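Data block below; observations after.
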Amino acid sequence: MQPRRLRKRTTNKQTTSFITSVINELKANPEKLAIIRNNLNEYRAQTHLKRGFLLAIERFDWVFEASNEVDFICQQILADDYIGNRLRRYPLLFKGVVTTFDKH
């Protein structure tokens, strides 16, 4: 029996930079959490979404149920656990939070 191979986590620098920008924007303007909630509702209303995207929406709902505090929510987004990884995997959930994003 062959030993299991561990997959190395791939981190796209552009995505990481975007998530960092989102976190900074949320901390500076906590009212932008409403944009994320609107995105969740918009995507939830769509009929044909990938299962993974639906799971990310559900996990974000869990985060919002646990707390509405921006620091807690940012901590959950950045967490190196199942929920944090799931949320960061779908940057469309953060659409509109950062108005200008430099892709360099």
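The values are calculated or read from the model by the stated rules, or taken from the named source; none is laboratory data. Everything quoted here is computed from the prediction, not taken from an experiment. Please note: Cβ atoms are built from the backbone with ideal geometry, for glycine as well, and neighbour counts cover all protein chains shown. For accessibility, only protein heavy atoms count, side chains too; no ligands or nucleic acids. Shrake-Rupley method; radii C 1.70, N 1.55, O 1.52, S 1.80 Å.
Annotation note: Cβ proximity below 8 Å between a residue of the range 21-35 that is closer than 11 Å to CYS74 by Cβ and in contact (Cβ under 8 Å) with a residue 60 or more places away in the chain and a residue that is of a type in the set (A, V, I, L, M) and not in a helix (DSSP H, G or I) (sequence gap 6+ or interchain) occurs for VAL22/VAL97; VAL22/VAL98; GLU25/VAL97; GLU25/VAL98; LEU26/VAL97. Among the criteria (1) modelled with pLDDT of 95 or more; (2) surrounded by 15 or more Cβ atoms within 10 Å (Cβ to Cβ), the one ASN29 does not fulfil is (2). Which of the residues belonging to the range 76-87 are within 11 Å of the chain's Cα centre (by Cα) and either open to solvent by 40 Å² or more (accessible area, probe 1.4 Å) or under 11 Å from ILE23 (Cα atoms) (or both)? Within the range 76-87, GLN76, ILE77, LEU78, ASN85 qualify. Exactly one residue among THR47, THR16 is modelled with pLDDT under 95 and either surrounded by 11 or more Cβ atoms within 10 Å (Cβ to Cβ) or touching a Pro at 6+ places or on another chain (Cβ under 6 Å) (or both), and that residue is THR16.
Only one entry in ASN24, ASN41 is farther than 13 Å from PHE94 by Cβ and modelled with pLDDT of 95 or more, namely ASN41. Can you name the residue in the range 59-101 that is over 14 Å from ILE36 (Cβ atoms) and of a type in the set (Phe, Trp, Tyr) and is also modelled with the highest pLDDT among such residues? Only one residue fits best here, namely TYR82.
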